[in-house]
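Asker: Sharing a structure here in structure tokens format.
The values are calculated or read from the model by the stated rules, or taken from the named source; none is laboratory data. Given the structure is predicted, the values throughout are model-derived calculations rather than measurements. Virtual Cβ from ideal backbone geometry, glycine too; neighbours counted across all protein chains shown. Remember, those area values only see protein heavy atoms, side chains included, never the ligands or the DNA or RNA. Shrake-Rupley method; radii C 1.70, N 1.55, O 1.52, S 1.80 Å.
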Amino acid sequence: MPERRTVALVTLGCARNEVDSEELAGRLEADGWQLVEDAADADVAVVNTCGFVDAAKKDSVDALLEANDLKGQSRTQAVVAVGCMAERYGKELAEALPEADGVLGFDDYADISDRLQTILSGGVHAAHTPRDRRKLLPISPAERQDSAAEVALPGHGPAEPTVAPADLPEGLAPASGPRAPLRRRLDGAPVASVKLASGCDRRCSFCAIPSFRGSFISRRPSDVLNETRWLAEQGVKEIMLVSENNTSYGKDLGDIRLLESLLPELAEVDGIERVRVSYLQPAEMRPGLIDVLTSTPKVAPYFDLSFQHSAPGVLRAMRRFGDTDRFLELLDTIRSKAPEAGVRSNFIVGFPGESEGDLAELERFLDGARLDAIGVFGYSDEEGTEAATYDNKLDADVVAERLARVSRLAEELVSQRAEERLGETVRVLVESVDDEDGAYGRGAHQAPETDGQVLLTSGEGLSVGRMVEAKVVGTEGVDLVAEPLSDAIAWSEEAGR
């Protein structure tokens with residue numbers, strides 16, 4: 001019997017890319033490929049790239065070059081780029097980076113096995129010429145679902161409806177019924193992301209994502225529910241709903257309030273202990289959605305709000321809405337319903353035309369917002385965006401100084417917010433246990449990767465995937481130190497049986 005072809009997936013970027021990698025892994029394993037963790041052990045190394053900002057693109061190129069260095073020194077014979085950077089640049093990336101043996105766009109995902117086999121056999125698959133993917137679906141959201149089967153939507157399923165074969169390898173299953181991709185988990189973590197939608201209809205002047213991710217299109221609630229049930233069967237305890245804009249979910253299905261009805265259903269899935277929603281737009285927040293997020297059992301009162309700035313003039317130049325006072329009012333509304341709610345956001349400083357007064361207005365907002373986690377980025381031009389054409393650019397050294405200044409403030413503020421939680425009881429999902437260092441996990445106000453974590457002072461009686469209540473007794477910057485409650489440990493042990 002011939003040796004199975006091996007493939008390793010290296011994932012960069014956001015949680016959406018992680019879901020896409022697991023879709024590709026599922027397709028490949030269903031077609032006979034053996035998945036391996038280390039690129040050095042793979043015939044083909046597939047790098048799922050990020051194309052968001054220059055730093056992420058550099059990381060993607062570095063990962064491709066690192067994988068290419070393995071050729072001739074290990075089993076690796078080919079290196080292939082997929083993901084957002086590959087989709088965004090296509091042929092241009094292939095010409096600029098000959099070390100990549102293939103550059104595959106989203107349209108290649110359905111035939112990923114054939115594409116990799118061609119490349120592994122020494123053949124060439126021509127890289128695509130990039131196109132504006134917003135033009136692939138109708139302008140009207142109400143007309144998009146009928147056209148979705150004709151467009152490659154990573155994480156949504158194959159172009160043609162198929163039913164998974166009955167003899168799938170162990171651990172591989174349809175993620176969400178006949179229209180769904182085959183998904184293979186690439187790690188055993190107790191948390192997994194689930195896509196609500198793909199694409200974005202917003203036209204923020206600094207962002208190129210809609211051009212290569214396309215227009216906004218929702219997954220059907222039944223697909224999301226079935227995928228969540230499957231993940232629960234794989235041992236997942238927390239799901240994180242991801243898309244470019246979760247507050248728009250359902251608008252192309254005829255119900256902009258669909259998320260409000262879906263969340264309680266997801267929370268009732270057997271085995272799921274926590275449901276988290278990410279990527280929320282402040283201008284689209286609705287009273288009903290706030291109510292569901294702050295009052296539904298097992299739904300985390302967690303608000304990942306994309307503020308970006310708070311000075312009205314800068315926000316208008318960004319093609320966004322709001323101001324400091326309206327944003328603070330939104331946060332007051334949230335905390336009046338759930339005082340313990342977690343809130344995080346990202347901000348851009350040094351945007352074209354940003355004045356010292358604008359920066360002071362942003363600092364005023366940060367001082368009053370009491371955010372649990374803050375990401376700060378210095379503005380840089382992204383090709384193809386409206387902001388790249390603006391004339392009133394700030395000097396690079398001014399942008400760097402403002403980035404350092406606001407970053408220092410953000411670090412102080414999130415530490416202060418962590419200290420406010422001293423004495424609170426938090427429900428922690430255990431993610432690692434060490435006999436010497438105790439256990440690490442996350443509370444409801446902490447999303448994986450982007451926010452802080454909780455150090456449990458004792459790991460005795462705990463295991464990965466358990467939920468345990470603990471009292472916050474200390475802080476380490478943005479992180480919390482918490483003491484497990486004895487009755488909570490007994491409860492977690494009972495729940496795990």
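Asker: Residue pairs, Cβ under 8 Å, 6 or more apart or interchain, first in the range 446-457 and free of Cβ contacts under 8 Å to residues at least 40 places away in the same chain and on the phi < 0 side of the Ramachandran plot, second open to solvent by 30 Å² or more (accessible area, probe 1.4 Å) and part of a loop (DSSP other than H, G, I, E, B). List them.
Answerer: Listed pairs, sorted by first residue: L455/D437.
Asker: Run down A42, A81, A94, A63 and say which single residue is modelled with pLDDT under 90 and touching a strand residue (DSSP E or B) at 6+ places or on another chain (Cβ under 7 Å).
Answerer: Exactly one residue qualifies, and that residue is A63.
Asker: Among the residues that make up the range 16-31, is at least one of them open to solvent by less than 40 Å² (accessible area, probe 1.4 Å) and either in contact with an Asp or Glu (Cβ under 7 Å, 6 or more places away or on another chain) or part of a strand (DSSP E or B) (or both)?
Answerer: No, because not a single residue in the range 16-31 is open to solvent by less than 40 Å² (accessible area, probe 1.4 Å) and either in contact with an Asp or Glu (Cβ under 7 Å, 6 or more places away or on another chain) or part of a strand (DSSP E or B) (or both).
Asker: For the range 48-63, enumerate the residues that are in contact (Cβ under 8 Å) with a residue 12 or more places away in the chain and either outside any loop (DSSP other than H, G, I, E, B) or of a type in the set (D, E) (or both).
Answerer: Once the filter is applied, which keeps residues that are in contact (Cβ under 8 Å) with a residue 12 or more places away in the chain and either outside any loop (DSSP other than H, G, I, E, B) or of a type in the set (D, E) (or both), the range 48-63 yields N48, T49, D54, A56, K57, D59, S60, V61, A63.
Asker: Just name the residue that is surrounded by the most Cβ atoms within 10 Å (Cβ to Cβ) out of those in the range 32-47 that are part of a loop (DSSP other than H, G, I, E, B) and of a type in the set (A, V, I, L, M).
Answerer: Taking the candidates together, the pick is A42.
For every residue, the table says whether it meets (1) hydroxyl-bearing (S, T, Y); (2) under 24 Å from D304 (Cα atoms); (3) surrounded by fewer than 17 Cβ atoms within 10 Å (Cβ to Cβ).
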site	(1), (2), (3)
P339	no, yes, yes
G342	no, yes, no
R364	no, yes, yes
D367	no, yes, yes
I374	no, yes, no
Y390	yes, no, yes
D395	no, no, yes
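Asker: What do you reckon, is E233 open to solvent by 40 Å² or more (accessible area, probe 1.4 Å) and either over 26 Å from S380 (Cα atoms) or among the polar types (S, T, N, Q) (or both)? If you could, list the steps in order and put the result at the bottom.
Answerer: Working: open to solvent by 40 Å² or more (accessible area, probe 1.4 Å): yes; either over 26 Å from S380 (Cα atoms) or among the polar types (S, T, N, Q) (or both): yes.
Yes: the conditions hold for E233.
Residue by residue, here is whether (1) farther than 17 Å from R274 by Cβ; (2) surrounded by fewer than 18 Cβ atoms within 10 Å (Cβ to Cβ); (3) at pLDDT below 95 holds:
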{"residue": "L409", "(1), (2), (3)": "yes, yes, no"}
{"residue": "Q416", "(1), (2), (3)": "yes, yes, no"}
{"residue": "L422", "(1), (2), (3)": "yes, yes, no"}
{"residue": "V454", "(1), (2), (3)": "no, no, no"}
{"residue": "G459", "(1), (2), (3)": "yes, no, yes"}
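Asker: Take V275 and decide whether it is part of a strand (DSSP E or B), of a type outside the set (F, W, Y) and modelled with pLDDT of 95 or more.
Answerer: Spelling it out, V275 is indeed part of a strand (DSSP E or B), of a type outside the set (F, W, Y) and modelled with pLDDT of 95 or more.
Asker: Filter the range 97-112 down to the residues that are open to solvent by 10 Å² or more (accessible area, probe 1.4 Å) and touching a residue at least 12 places away in the same chain (Cβ under 8 Å), then identify the one that is farthest from L136 (Cα to Cα).
Answerer: Among those residues, the one meeting the criterion is E99.
Asker: Checking Y440 against (1) over 30 Å from I348 (Cα atoms); (2) touching a helix residue (DSSP H, G or I) at 6+ places or on another chain (Cβ under 9 Å); (3) among the aromatic types (F, W, Y): exactly one of these is not met. Which one?
Answerer: (2)
Asker: Could I ask something else about it? When the residues of the range 3-39 are filtered to those that are over 20 Å from the mean Cα position of the chain (by Cα) and of a type in the set (K, R), which remaining residue is modelled with the lowest pLDDT?
Answerer: Among those residues, the one meeting the criterion is R4.
Residue by residue, here is whether (1) in a helix (DSSP H, G or I); (2) modelled with pLDDT under 95; (3) more than 19 Å from the chain's Cα centre (by Cα); (4) charged (D, E, K, R) holds:
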{"site": "V224", "(1), (2), (3), (4)": "yes, yes, no, no"}
{"site": "V236", "(1), (2), (3), (4)": "no, no, no, no"}
{"site": "L259", "(1), (2), (3), (4)": "yes, no, no, no"}
{"site": "L263", "(1), (2), (3), (4)": "yes, no, no, no"}
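Asker: Does V53 satisfy the criteria of being among the β-branched types (V, I, T) and over 13 Å from V80 (Cβ atoms)?
Answerer: Spelling it out, V53 is indeed among the β-branched types (V, I, T) and over 13 Å from V80 (Cβ atoms).
Asker: Still on this structure, I have one more. Collect the residues in the range 319-332 that are assigned to a loop (DSSP other than H, G, I, E, B) and either crowded, with 20+ Cβ neighbours inside 10 Å or on the phi > 0 side of the Ramachandran plot (or both), keeping them in residue-number order.
Answerer: Start the filter on the range 319-332 by keeping residues that are assigned to a loop (DSSP other than H, G, I, E, B), which leaves 319-323.
Scanning the range 319-332 gives R319, R320, G322.
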